[in-house]
């Protein structure tokens, strides 16, 4: 294909082409019937997008190497801070939303920011304390709204937005910055 980047091609029973960057590698998904020339044309057509996103991924990977991991003492301090802050926010928003809840647990998790069990028990990640307070509120509201809708339907998001109109803004912040926070764990 004449590219200086390493491209992994995955053919499957799909109808369309797709390019993605994962772990600083380019992955092109193509239909089973696609030959190398057709895939090459797809890559050339999307070369700019691929190069821009590959560079961003490489920059993120380089920045990750510089991120300092939190010590056990720092994680415990975050957990204590979360145990003081989050239950207060849960009480405030539970009243506003009109729901009850069970036990609140603070954990240091690798991938999740929060969860709500069928019994109404709430779990939150202490790493939320490294995010802006509005992010904490957005996660709290998200989990409390599961007390009304145990899914991610339009009705669920209507409840979330009714309680916290800036939810999309802060959820976007978390999607853009959350992985860097979690990597410090």
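The values are calculated or read from the model by the stated rules, or taken from the named source; none is laboratory data. Every value quoted in this text rests on a predicted model; they were computed, and no experiment measured them. When we count neighbours, we look across all protein chains shown, and the Cβ atoms used for this are built from the backbone with ideal geometry, even at glycine.
Of all residues in the stretch 169-181, those that are within 13 Å of residue 129 (Cα to Cα) have Cβ atoms under 6 Å from Cβ atoms of residues that are at pLDDT 95 or above and in a helix (DSSP H, G or I), 6 or more apart or on another chain, in 174/135; 181/127; 181/130. Given the structure, is residue 114 out of contact with any helix residue (DSSP H, G or I) (no Cβ under 8 Å at 6 or more places or on another chain), surrounded by 13 or more Cβ atoms within 10 Å (Cβ to Cβ) and touching a residue at least 24 places away in the same chain (Cβ under 8 Å)? So residue 114 does not fit the description; no.
Go through 135, 141 for me and flag whichever is out of contact with any strand residue (DSSP E or B) (no Cβ under 9 Å at 6 or more places or on another chain) and more than 30 Å from residue 59 (Cβ to Cβ). Just a single option satisfies the conditions, and that option is 141. Within the stretch 136-149, restricting attention to residues that are in contact (Cβ under 8 Å) with a residue 40 or more places away in the chain and farther than 17 Å from residue 87 by Cβ, the residue that is surrounded by the fewest Cβ atoms within 10 Å (Cβ to Cβ) is 148.
Do we find a residue being at pLDDT 95 or above, closer than 25 Å to residue 72 by Cα and surrounded by fewer than 13 Cβ atoms within 10 Å (Cβ to Cβ) anywhere in the stretch 150-163? Within the stretch 150-163, not a single residue is at pLDDT 95 or above, closer than 25 Å to residue 72 by Cα and surrounded by fewer than 13 Cβ atoms within 10 Å (Cβ to Cβ).
Give me the residue from the stretch 21-48 that is exposed (fewer than 14 other Cβ atoms within 10 Å of the Cβ) and touching a strand residue (DSSP E or B) at 6+ places or on another chain (Cβ under 7 Å) and, out of that set, modelled with the highest pLDDT. Applying the filter and picking the extreme gives 32.
Residue count for the stretch 1-48 satisfying the condition of being outside any loop (DSSP other than H, G, I, E, B) and over 20 Å from residue 60 (Cβ atoms): 20.
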